[in-house]
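What follows is a set of notes on a single structure, which appears directly below.
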């Protein structure tokens, strides 16, 4: 009787394990969005604070609604962060990535003394065909003045460009590492620092195969023809 109970318990545990496995897989869904010249692919369960994107042309657009950091009354540093990965593939095999551009916009508010806000992170491009090889790293920082105190909220903007022209890549993973920081320093008892991200646009342009690669290919073909004639 004890053996039967143990067997039933094992079967029930295995069933629960399979149920959890199916549930976790059901939550992770790869989504593909087609642009004019590229295809974006992402896991919609791992977008976090960025939210669900839309595509216009060759730009993937996000409209976050809760990507913010806030500190009040000398509370110190508060950090909000989110990192996502987007796979990007050119539609045509004879096209490569030229530039990868990230545009971010939002607003901020500082009241009282001792408050500050900041934007940081990085845009990283990795070649999917050689993920252990070199990548392209472009740091994110605001191009706007983030020190103005008082009402109303002030806009901020960050523009980042990763130059991929020299690499000849046509399949990459774009990593968006985003941080927002708000701080109020003691002994301030009447201060506020608030910053919010409201828009993120990840755009890419494609270019023809670099001339150097065409020349290399033509040279190899020429050598093959000469070798065949000599034979």
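When the Cα centres of the range 144-188 and the range 54-75 are compared, how far apart do they sit, in Å?
The two parts, judged by their Cα centres, are 10 Å apart.
Taking the beta-carbon count within 10 Å as an exposure proxy, list 197, 91, 154 from fewest neighbours to most. Could the numbers behind the result be given before it?
On the way: 197 26, 91 14, 154 19.
The fewest-first ordering by Cβ neighbours comes to 91, 154, 197.
How fast does the range 31-220 diffuse by Stokes-Einstein, in µm²/s, taking the Kirkwood radius from C-alpha pairs at 20 °C and 1.002 mPa s?
Answer from the Stokes-Einstein relation: 120 µm²/s.
May I ask you to derive the FRET efficiency for residue 66 and residue 37 from their Cβ-Cβ distance with R0 = 35 Å, giving the value to the nearest 0.05?
With a Förster radius of 35 Å, E is 0.65.
Express in nm, to one decimal, how much length is gained between residue 128 and residue 157 on full extension, taking 0.36 nm for each residue of separation and deducting their alpha carbon distance.
7.5 nm
Quote the Stokes-Einstein diffusion coefficient, in whole µm² s⁻¹, for the range 131-179, based on the Kirkwood radius over alpha carbon pairs, a temperature of 4 °C and a viscosity of 1.567 mPa s. Can you show the working numbers first?
Details: Rh = 14.0 Å.
The calculation lands on 93 µm²/s.
Read-outs throughout are calculated quantities, based only on the coordinates presented, and are distinct from any laboratory measurement. Fair warning: this is a prediction, and the values are worked out from it, not measured in the lab. Note: ideal-geometry Cβ built from the backbone for every residue, glycine included; neighbour counts use all protein chains shown.
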